[in-house]
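The values are calculated or read from the model by the stated rules, or taken from the named source; none is laboratory data. Computed from a predicted structure; not experimentally measured. Every residue, glycine as well, gets a Cβ built from its backbone with ideal geometry; the counts of neighbours run over all protein chains shown.
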Amino acid sequence: MNDFNIQAASMMSGVSVHQIRAWEKRYHAVCPRRLGNNFRSYTQDNIVRLKLLGNLTRQGIAISKIAFLETEELKQQFESLEHNEAPRIEAEVFVETNEKLDLLLNFLTAKRFDIVRHEILKLHSLSSVTGILIPMMRFLMNDPAFSQGQESKSLLSLLIEETNRISTHVQHRSELNHISKKVS
């Protein structure tokens, strides 16, 4: 099982590094393993928990009210907030996007750049730009282990190109929809 440092946990969960540390210290909301150098090491279960806590606090629930809950209870709480179809669909897209980001970061950590490139080229939605491509760019730029290598620089260029391609495609679709509405 792969463990992740706090920066990767932050990107994968959508919760800032500062927030993770605060929640850990104040509420014991998550308990990562500590490595010999005292660095935090987050499991996939820790990241799932952080995602749920982040989603619930963004819905207006105070962290002090939910930090002590078990992960299954957090899942139930999150599901109970879904009142209609639109939030449910958004939550599914969010989960799918985060799972894809998790997968790509795992491949990136394993230095499987070929798989990462292949998966990036399959992305088409605007949510993949904000939920996958941009977090991956931040990861590559902020992690010293990756920021120096030629493979990483090449991958960063691809991420930028794909972000531009998808954004341009979405903008053209939006313009066409606007024109077709005017014509109707």
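Numbers below:
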| quantity | calculated |
| --- | --- |
| Which numbered condition Arg112 misses (of (1) closer than 20 Å to Phe4 by Cβ; (2) at pLDDT 80 or above; (3) surrounded by 15 or more Cβ atoms within 10 Å (Cβ to Cβ)) | (3) |
| Scan of the stretch 20-56 for residues that are of a type in the set (Val, Ile, Thr) and under 11 Å from Thr71 (Cα atoms), ordered by number | Val30, Ile47, Val48 |
| When residues of the stretch 7-28 are limited to those that are crowded, with 22+ Cβ neighbours inside 10 Å and among the polar types (S, T, N, Q), the one farthest from Asn98 (Cα to Cα) | Ser10 |
| Matching entry among Phe4, Phe39 (being exposed (fewer than 14 other Cβ atoms within 10 Å of the Cβ) and touching a residue at least 12 places away in the same chain (Cβ under 8 Å)) | Phe39 |
| Residue check for Arg40: touching a helix residue (DSSP H, G or I) at 6+ places or on another chain (Cβ under 8 Å) and farther than 17 Å from Thr109 by Cβ | no |
